[in-house]
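A.B. asks: The structure's right below; bear with me while I get my questions together.
Throughout, read-outs are computed from the coordinates displayed, never taken from laboratory work. Quantities reported herein were computed from a predicted structural model and do not represent experimental measurements. Virtual Cβ from ideal backbone geometry, glycine too; neighbours counted across all protein chains shown.
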Amino acid sequence: MVSVYYSPAYVGSGYSFDTTRKAGWIAESLSESPIPRIELVEPDPLTRDQVAAIHDSGYIRAIETGHPRDMAESQGFVWDAGLWPMVLASNGGVVAAALAALERGIAGSLSSGLHHARNKIGSDEAHHSHLRSLSMTLEQSKGRGHDSGLLGPVETRAAA
């Protein structure tokens, strides 16, 4: 069975365009017309502390509260109260899928928009701090601790 992680919180932000809605469309399609050996699984959202291990506290506060507005919207989304839960859920899904893939060989998440975050501010350009976050989580889960935050080839790490 292949676990595909999804939570309704993935689409909870009021900012609506195809990227913020497609996860819901795909999940609805999978529920209405299941694909054999694919199961939708609701992940645990990340905690504030997990996000704080990567991101600046001012940036986190802005995404949670909407203030200062320019920082809260620096990733390109119009801020609303659904943004913070969306961030926690979507990132939780990526981490859950990565851990499941290491354990079972394959998994996925219907998460999107993760490439807009940097350490202290968002960006409407593609940046990859989520990979650093994910690699820290994976390295810690394997007892490796945290060094550079770079995972390297997943095949190499998964086989180690």
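A.B. asks: Given contacts defined as C-alpha pairs under 8 Å and at least six residues apart, what's the relative contact order of the stretch 1-72, whole-number percent?
C.D. replies: The normalised contact order for the stretch 1-72 reaches 32 percent.
A.B. asks: Turning to a different aspect of this structure: To make sure I understand, if each residue's beta carbon is the centre and we count other beta carbons within 10 Å, what order do Asp56, Asp70 fall in, fewest to most?
C.D. replies: Least to most surrounded, the residues fall as Asp70, Asp56.
A.B. asks: While we're on this one: Under the classification rounded if a/c is under 1.5, otherwise prolate if a/b is larger than b/c and oblate if not, where does the stretch 1-72 fall, given a ≥ b ≥ c as square roots of the Cα gyration tensor eigenvalues?
C.D. replies: oblate
A.B. asks: Further question: Quick one: which residues, 5+ away or cross-chain, put their amide H under 5 Å from the amide H of Val2? H built at 1.01 Å from N.
C.D. replies: Correct list: Ile38, Glu39.
A.B. asks: Next up: Ranked by Cβ crowding within 10 angstrom, fewest neighbours first, how are His67, His55 ordered?
C.D. replies: His67, His55
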